[in-house]
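The values are calculated or read from the model by the stated rules, or taken from the named source; none is laboratory data. The model shown is predicted, which means the values in this text are computed figures rather than measured ones. In this analysis, Cβ positions are derived from the backbone assuming ideal geometry, glycine residues included, and neighbour counts consider all displayed protein chains. Only protein heavy atoms, including side chains, enter the accessible area calculation; ligands, DNA and RNA are left aside. Shrake-Rupley method; radii C 1.70, N 1.55, O 1.52, S 1.80 Å.
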Amino acid sequence: MTELAAKGIYKTFFAHGKHVQALKGIDISIGWHEAVGVVGESGSGKSTLVKILTLLERPDKGAVLSDSTELKSWQDARKNGFQKIAQVVFQESFDSLNPRMKIIGLVKEGLDIWRVGKKTGRIKRAERVLSDLGIGSEHWEKYPHELSGGQRQRVAIARALALEPKILIADEPTSALDTSVQAEIIKILIDLKNKGMGILVVSHDLRVVRKIADRCHVMLAGLIVESGPAELIFNKPLHPYTKELIRSIPTLEGVESTTSELKPLEEFGCPYKTRCAVAIDICRDVLPEIKTAANSRLVRCHVVNK
Amino acid sequence: MNSAHYALAVQNLWVAIQGLSRKAYVCREINFEVEFGRALAILGESGSGKTSLILALTGLLPSPPFCIERGEIEFAKSTGQSSSALIMQDPSVALNPVLKMSDHFAETLRLQKTKSNSIACELMSLAGILDPEAKLNRYPWQLSGGERQRVVIALALALKPSVIFADEPTSSLDVTVQKRILSLFGTLKQKEKLAIVLITHELGVAAEISDWIAIMYASWFLEYGPKSKVLSNPLHPYTQGLINAFKSLEDPKKLPKSISGAPPNLFELKDLCPFLKRCEMKVDGCLKTPPPKRGGDEHWARCHLV
């Protein structure tokens, strides 16, 4: 199957006087007709993964593949028509839209850069994408600050869709939005999925990922700790970290209290051992392998895989 | 005004912002009281005026362009050095990056470090920080996001305020950390008998720790009441929409629901119901007269339908 994939990705950054391993061997693939989700807390490496998949950052080790061709640099990407493969929507639409450009210009910008079709055709295409996403002609000549948060995020999606990519990568697409408009953006992404577009949705909110994705990966400290069908992960989480993530989602009923501070994650052995309630001796020294567990799932845990 | 049992009582508060040629109200007819050991959550979208309200109450409102036109704000006599404290959204901005934790406490307490350090340790352990002595010599960037927010909370507690204002205190934190910070607020409320005024745009956060909920929309309180009543029996269509949006996100089978449209521009606000354009249940009366305040003393909404 043709797809966008990352194989064995390692990435280390130098920060605060020490080396931080942001990604420690990540394998991920997105088919051209499936929606994949990635959940994890801040610092788990999910944004770095997005940057590597879109070639904005080079991995130290490992390869980004599209259609089984390795993409090493932007030159490679240009040759292979990367703009048609993947486009990305970032979290904060206010920062990702140039405040001095009008909406229509923002959407047309990508088409100009990649020299898609004729000039007049580009405007038509931008207009069509905008109206498809519910941004009417009255908004086309406006500037980003004149739109509401939900509308801005739709413009950001339009910018990505104008190039007709096969895969849309959405990095925290709803976290900057109010509850009443979050659903709009989720609906757009579900719609795109149903039309056959491949989607990678990255979020810290499991509920958002569950709505959109078929398959889901849970990331922690640069590792994938659990992956499998999104619905199963939500209903029957296996890894203790996934369980904690699901317990932490605020509900209308309120939940039992835990006031203790979270202990920092550790470098050696299982990264989650300091917070884990079921940790055993081996977790201290040995990083668990990712193994197939019940219900067609991969889990990285000594206790679950015993 | 009889405010003997209240930590904070606000009566008929109007806050205006003066634009270049026109004036708008960011808070209109705000009435509420908070008792000791209780929490009020003010729930609203971005641009609803909730941050201006908190700034007005803490005396931090930049004037001009803002001005408090009328109203009474009364704090109970405080036993400590300060009647109120404010916790802002992003803890990494609230702390000075070139000052160690011990300096932050010395500055707030206006004591020499030799004296302030022991108090700082007490406050930090109250805020649930592990190993506070070691943390005294750290800089803000050496702490995790959750720890930073705990330090900000500990600093807020330093002058023994009776009311704590918290403006989106968990929006920049991970869900696992958010849950712990929220339960810390719950503990402080119960043990220290603090009154808490929490601003949030997330229904789940409001539901988790508050006793009272106020729904703020376009500078007005549209609904106000005890948490259990507002959540189980919402009176205003906007509140109903918010709760439906939240529930549809929880239920995997349902398509996510949103409230279509965007909040009105405060400069163009008329006396009529500000939710009119987005409301699906409007009646003739809505187009003619401003919405009346209806319901009981405890739980009321500003709507013709109630």
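Rounded to the nearest angstrom and ordered from largest down, what semi-axes does the equivalent ellipsoid of region A:173-306 get from its C-alpha gyration tensor (root of 5λ)?
Numbers: eigenvalues 165, 72, 32 Å².
Whole-Å semi-axes of the equivalent ellipsoid: 29, 19, 13.
For A:LYS18, list the aspartates and glutamates whose Cα falls under 14 Å from its own Cα; do not include residues on the same chain fewer than 8 positions away.
Here the aspartates and glutamates satisfying the reach criterion relative to A:LYS18 are A:GLU267.
If a/c stays under 1.5 just call it rounded; otherwise compare a/b with b/c (prolate if a/b is bigger, oblate if not). Do that for region B:69-135, with a ≥ b ≥ c from the square roots of the Cα gyration tensor eigenvalues.
On the way: a/c = 2.15, a/b = 1.67, b/c = 1.28.
Prolate, since a/c reaches 1.5 and a/b exceeds b/c.
Interface size between chain A and chain B, please: total buried accessible area, 1.4 Å probe, rounded to the nearest 100 Å². If you can, show how the numbers build up before the last one.
Details: alone 15720 and 15230 Å², together 27170 Å².
Buried area between the two chains comes out at roughly 3800 Å².
If you take the C-alpha gyration tensor of region A:1-84, multiply each eigenvalue by 5 and take the square root, what semi-axes do you get, largest first, in whole Å?
On the way: eigenvalues 107, 49, 21 Å².
Three semi-axes, in Å: 23, 16, 10.
Classify region B:115-191 from the C-alpha gyration tensor, please: rounded if a/c falls under 1.5, else prolate or oblate depending on whether a/b exceeds b/c. List each step's numbers first, then the result.
Numbers: a/c = 1.78, a/b = 1.14, b/c = 1.56.
Oblate, since a/c reaches 1.5 and b/c is not below a/b.
Given the rule -39500 (n - 2.57) for each run of at least 4 DSSP H residues, summed and divided by the residues of the protein assembly as shown, what is its mean residue ellipticity at 222 nm, to the nearest 500 deg cm²/dmol?
On the way: 22 runs with 200 residues, N = 612.
Rounded to the nearest 500, the figure is -9500 deg cm²/dmol.
Binning every alpha carbon pair distance of region B:252-306 at 10 Å from zero, what are the percents per bin?
Result, from short to long distances: 21, 42, 28, 10, 0 percent.
Cα convex hull of region A:1-40: how many Å³ per residue? Please list the in-between numbers first.
Details: hull volume 2.9 nm³, N = 40.
Given the Cα convex hull of region A:1-40, per-residue volume reads 73 Å³.
Percent of alpha carbon pairs in region B:12-55 separated by more than 11 Å?
Details: 684 of 946 pairs.
Value for region B:12-55: 72 percent of Cα pairs lie more than 11 Å apart.
For chain A, just list the percent of Cα-Cα distances falling in each 20 Å bin from zero outward, please.
Going out from 0 Å in 20 Å bins, chain A shows 31, 56, 13, 0 percent.
Say the cut-off is 21 Å between C-alpha atoms; which of A:LYS195/B:LYS253; A:LYS84/A:LYS119; A:LYS273/A:LYS306; A:LYS46/A:LYS108; A:LYS195/B:LYS254; A:LYS236/B:LYS254 go over it? If you can, show how the numbers build up before the last one.
Values: A:LYS195/B:LYS253 19 Å; A:LYS84/A:LYS119 19 Å; A:LYS273/A:LYS306 16 Å; A:LYS46/A:LYS108 29 Å; A:LYS195/B:LYS254 19 Å; A:LYS236/B:LYS254 19 Å.
A:LYS46/A:LYS108, as the Cα separations exceed 21 Å there.
Compute the length gained on full extension between B:VAL283 and B:SER92: take 0.36 nm times their separation in residues and subtract their Cα-Cα distance, giving the result in nm to one decimal. Please report the intermediate quantities before stating the final value.
Numbers: separation 191, 0.36 × 191 = 68.76 nm, distance 4.74 nm.
Roughly 64.0 nm would be gained on extension.
How large is the Kirkwood hydrodynamic radius of chain B, counting all unique pairs of alpha carbons, in Å? Write out the running numbers ahead of the final one.
On the way: mean 1/r = 0.0487 Å⁻¹.
One decimal place: 20.5 Å for the Kirkwood radius.
Of all DSSP beta bridges located in region A:149-229, what percent are antiparallel, nearest 5?
Details: 6 of 11 bridges.
In region A:149-229, DSSP labels about 55 percent of beta bridges as antiparallel.
Taking chain B as the reference, fit the longest principal axis to its C-alpha atoms, fit the long axis of helix B:237-250 to the helix C-alpha atoms, and give the angle between the two in degrees, 0 to 90, nearest 10.
60 degrees
May I ask for the longest run of chain B untouched by trypsin sites (Lys or Arg not before Pro) that are loop-located per DSSP and have at most 15 neighbouring C-beta atoms (other than their own) within 10 Å?
Longest site-free region, per DSSP loop and neighbour criteria: B:194-252.
Give the average, rounded to an integer, of partner chain Cβ atoms located within 10 angstrom of each Cβ in B:247-254.
Values: counts 1, 4, 11, 6, 2, 7, 0, 1.
Mean shielding by partner chains, rounded to a whole number: 4.
So what's the angle, to the nearest 10 degrees on a 0 to 90 scale, between helix B:113-126 and the longest Cα principal axis of chain B?
Tilt of helix B:113-126: around 50 degrees.
Lone cysteines in chain A, going by a 4.7 Å Cβ-Cβ cut-off?
That list is A:CYS216, A:CYS276, A:CYS301.
Starting from one equal scatterer on each C-alpha and no solvent at all, send me the Debye-based log10 I(q)/I(0) for the protein assembly as shown at q = 0.08, 0.12 Å⁻¹, two decimals.
Values, matching the q order: -0.63, -1.36.
A:LYS72 label point, 7 Å along Cα→Cβ, cut-off 17 Å on backbone N: hits in region A:1-44?
A:7
Angle between the Cα long axis of helix B:145-157 and the longest principal axis of chain B, 0 to 90 degrees, nearest 10?
The angle comes out at about 90 degrees.
Could you compute Rg(Cα) / (2.2 N^0.38 Å) for region A:41-119, with N its residue count? It would help to have the intermediate numbers written out before the result.
Numbers: Rg = 14.8 Å, N = 79, 2.2 N^0.38 = 11.6 Å.
Dividing the Cα Rg of region A:41-119 by 2.2 N^0.38 Å gives 1.28.
Classify region B:191-279: rounded, prolate or oblate, from the alpha-carbon gyration tensor (a ≥ b ≥ c, eigenvalue square roots; a/c under 1.5 rounded; otherwise prolate if a/b is larger than b/c)? All intermediate terms of the calculation are to be shown ahead of the outcome.
Working: a/c = 2.10, a/b = 1.17, b/c = 1.80.
Taking the square roots of the gyration eigenvalues as a ≥ b ≥ c, region B:191-279 is oblate.
Can you give the FRET efficiency to the nearest 0.05 for B:ILE68 and B:LEU20, using r as the Cβ-Cβ distance and R₀ = 30 Å?
Values: r = 20 Å, r/R0 = 0.68.
Computed FRET efficiency for B:ILE68 and B:LEU20: 0.90.
Rg and Dmax of region B:145-231 over Cα atoms: what are they, in angstrom?
Just the Cα atoms of region B:145-231 yield Rg and Dmax of 13.2, 35 Å.
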